[in-house]
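Novice: My questions all concern the structure below.
The values are calculated or read from the model by the stated rules, or taken from the named source; none is laboratory data. Just so you know, these numbers come straight off a predicted model, no measurement behind them. Neighbour counts are summed over all protein chains in view; Cβ atoms, including those assigned to glycine, are modelled from backbone coordinates with ideal geometry. Heavy atoms of the whole protein, side chains included, go into the accessibility calculation; ligands, DNA and RNA do not. Shrake-Rupley method; radii C 1.70, N 1.55, O 1.52, S 1.80 Å.
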Amino acid sequence: MKLRYILTPLLLFSSLSLGDSTKYPFVGIVGHSTTINDENGGVAGIRYGQQSQDWRTSFTLETPHQEYQLISVAIDRTLLYSVTTSKLRIYGGLVVAAVVFDKNDGSGDKSVGYGYGLGAGMMYYLTDNIDLDLGYRYMLVNDVDNLDEISSFGFAVHYFF
């Protein structure tokens, strides 16, 4: 049931780029410096996505941080191109995530909630096939015990194929 609330807005936002027929699929490695419940920590993840000239949709699976693990979808729009070089782009967008909470009480019980928020950052193309991505995201979290928000700075390397 909760999954439907997450997927419906994502499908709506991803349909905004349907008119752009040129899409570039990519995979990447992501590192986040994450703050959860006023505790800092690092997580790593893998990312798959597709990008057009102005839009990017990506799915990211992150390693656990404390008792929490995220599976997120981001829809980004290029807001500004560099005047001096076409290799630098500034973006902003929406992030929706499933948040899995492991209760760590020996029962093996896990609860699933969801988070939503905003993301912003910049991409720099090293080559035609590789880009670097520096970004920030802030999410509000619902239906997860003892967790109200997640913020993180991220660094990613993407390979376009």
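Novice: What FRET efficiency, computed as 1/(1 + (r/R0)^6) with R0 = 35 Å and r the Cβ-Cβ distance, is obtained for residue 140 and residue 46, rounded to the nearest 0.05?
Specialist: Plugging the Cβ-Cβ distance into 1/(1 + (r/R0)^6) gives 0.90.
Novice: With labels modelled as points extended 7 Å from the Cα through the Cβ direction, what inter-label distance (nm, one decimal) is found for residue 59 paired with residue 103?
Specialist: The modelled label-to-label distance comes out at 2.9 nm.
Novice: Something else about it: Probe of 1.4 angstrom, ligands and nucleic acids ignored: what's the accessible area per residue over the stretch 74-161, in square angstrom?
Specialist: 54
Novice: Okay, next question. Give me P(r) over the stretch 37-161, computed from all C-alpha to C-alpha distances, binned every 5 Å, as integer percentages.
Specialist: Using 5 Å bins, I get a P(r) of 2, 10, 20, 23, 16, 12, 8, 5, 2, 1, 0, 0 for the stretch 37-161.
Novice: Could you tell me what a quarter of the Cα convex hull surface of the stretch 89-161 works out to, in nm² with one decimal place?
Specialist: Over every viewing direction, the Cα hull of the stretch 89-161 projects on average to 6.2 nm².
Novice: Just to be sure I understand the model, the point goes 7 Å from the Cα along the line to the Cβ. What's the resulting residue 35 to residue 66 distance in nm?
Specialist: Simple spin-label model gives 1.3 nm for this pair.
Novice: Now, a different point. Measure off, as a whole percent, the carbon and sulfur share of the 1.4 Å-probe accessible area of the stretch 53-161, all protein chains present.
Specialist: Summing carbon and sulfur atoms, their accessible area is 60 percent of the total for the stretch 53-161.
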